[in-house]
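Taking it in order: structure first as C-alpha cells, then the write-up.
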Amino acid sequence: MSPDAEPSIEIRRATHDDYEAVTAFTSDIWSDRGGDYIPRIYHEWLEKPTETGKKTFLAEVDGEVAGIVQGVMLSPDEAWFQGMRVAAEFRRRGVSRRLNDATFEWGREQGATVGRIMVFSWNAGSLGVARASGFGPITEFRFAHPNPDPDADGPDSCRVSSDPTAAWRYWTHSGARDHLDGLGLAPEESWAVRELTRRDFDRLADQTAVFAVESDDGLAGAAYRTRTVERTTDGGDGPAETETWAEYGLGAWTDVDAARSLFAAIARDAAALGADATRVAIPETARFVTDAAATGAELSEEPDFVLGIDLTNVRSGLDR
C-alpha cells in the first residue's frame, strides 16, 4: 500500500486467536530494555467474554493486524488506557488515533469522565503521540527499592503504625498528594494509577498493609502495599529465575528521618512476605528523590509520566 493512500482501518475486540499476529509486531519492541511485556502476558491480559470493566481493542488495516490498546475502568468514573502498540509499517497512518477514539468512546459509555495513561519518561515517541492525541501531563513518579530486611530499623524519633485513619490524614494534607494529583498505584490493576479514597486506606489495612509514620511533631508519613508479584528474570547464560516483588503504591514523608522509618517498616513487611525485592512509588521531586537516596534505598533510573484527558470534552473522530 502506498504511504500516501488512505488506509481502511477496522477496530474490533482483540481475541486469543490474534496472539501470533500481535506477537509478530510487538516482540521486537524495546529489545534493548528487556522487550515488550505483551507477548508474555497476552492471554492473561485479555478480558473475559463477560467482563464489562475492561476491553482490548485491535486495529486492522486492510485485513492486517496493525495495533492494539486496552481500556480498564479503575473506578466508576476513571478509565485507564494501556498497552497502545502500532506495528512499525502502519505508523503515521491514523491507527493510534482510531484506537484512541475507540477507547475514549468506550470509557464514556462506562461512565468515565477522565482517562489516564502512563508513559516511560524515556519513550519520547509515545509521549509525542500522547500529546498529539489530546492527553495532557498530570504528574510523574519514580520507584524506590528498599531491600527486604526483617531487622530493618529507623530512627528513634519516629514510630510507624498500621492506622489507616492516620495514614489517610497525612496523605490528604501532604505535598506528595499535591504533586501526585491525588493519585496512587491502583490495587486493582498493575502499572496503573487512580485517585485514592479514605475507603481505600481502610480496605488496604485489612487486606494488605498500611503504614502511618508519627514523629514527636505529629504525622510524618504514609504508605500502603498494593500487591506481591512474581517476576521472571533473565538468567543470562544460566536458567531464568523467578523473584517475588512486594509493591507499595505510595511512599510519602515529611523529612529524611520519616523516610528512613517508613522504608524500614516496608523492608520488614516485605521480608515477612518472603519478597526478594520491593518497589515503592514516590513523587518525582528533588526533595523526595534525594530523601530516598539519603536512606540508602536504590532508585529506578528514570521516572514514569502520567497523562490524562477530560473525556467529557472529547469528540469522536467522526465529529472532528
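Of all residue pairs spaced 6 or more apart or on separate chains, those with beta-carbon atoms under 9 Å, a first member in region 297-315 that is closer than 19 Å to D77 by Cβ and a second member that is in a helix (DSSP H, G or I) and open to solvent by 100 Å² or more (accessible area, probe 1.4 Å) are L307/R131. Looking at G128, G115, G134, just one residue is over 21 Å from S190 (Cα atoms) and touching a helix residue (DSSP H, G or I) at 6+ places or on another chain (Cβ under 9 Å), and that residue is G134.
Anything in region 42-61 that is touching a helix residue (DSSP H, G or I) at 6+ places or on another chain (Cβ under 8 Å) and in a helix (DSSP H, G or I)? List them, or say none. Y42, H43, W45 - these are the residues of region 42-61 that are touching a helix residue (DSSP H, G or I) at 6+ places or on another chain (Cβ under 8 Å) and in a helix (DSSP H, G or I). For A144, are the conditions met, namely being part of a loop (DSSP other than H, G, I, E, B), at pLDDT 95 or above and among the small types (G, A, S)? Taking the combined requirement at face value, the residue does not satisfy it. Among the candidates R231, R225, the residue that is of a type in the set (K, R), surrounded by fewer than 22 Cβ atoms within 10 Å (Cβ to Cβ), closer than 26 Å to F305 by Cα and touching a residue at least 12 places away in the same chain (Cβ under 8 Å) is uniquely R231.
S121 falls short of the stated requirement of being polar (S, T, N, Q) and either in contact with a helix residue (DSSP H, G or I) (Cβ under 6 Å, 6 or more places away or on another chain) or at positive phi (or both). Mind checking which residues of region 33-61 are in contact (Cβ under 8 Å) with a residue 40 or more places away in the chain, over 26 Å from T113 (Cβ atoms) and surrounded by fewer than 12 Cβ atoms within 10 Å (Cβ to Cβ)? The answer is G34, and nothing else.
Here the condition is being closer than 18 Å to A205 by Cα and either open to solvent by 10 Å² or more (accessible area, probe 1.4 Å) or charged (D, E, K, R) (or both); of D269, D276, it holds for D269 alone. The residue that is modelled with the lowest pLDDT, counting only those in region 172-227 that are more than 14 Å from L250 (Cβ to Cβ) and hydrophobic (A, V, I, L, M, F, W, C), is W191. One residue alone among A240, A220 is crowded, with 23+ Cβ neighbours inside 10 Å and either touching a strand residue (DSSP E or B) at 6+ places or on another chain (Cβ under 7 Å) or more than 27 Å from E301 (Cα to Cα) (or both), and that residue is A220.
The values are calculated or read from the model by the stated rules, or taken from the named source; none is laboratory data. Keep in mind the model is a prediction, meaning the values are calculated, not measured. All Cβ positions, even for glycine, are placed from backbone atoms using ideal geometry, and neighbour counts span all protein chains on display. Please note that ligands, DNA and RNA were not included when accessible areas were found on the heavy atoms of the full protein model with its side chains. Shrake-Rupley method; radii C 1.70, N 1.55, O 1.52, S 1.80 Å.
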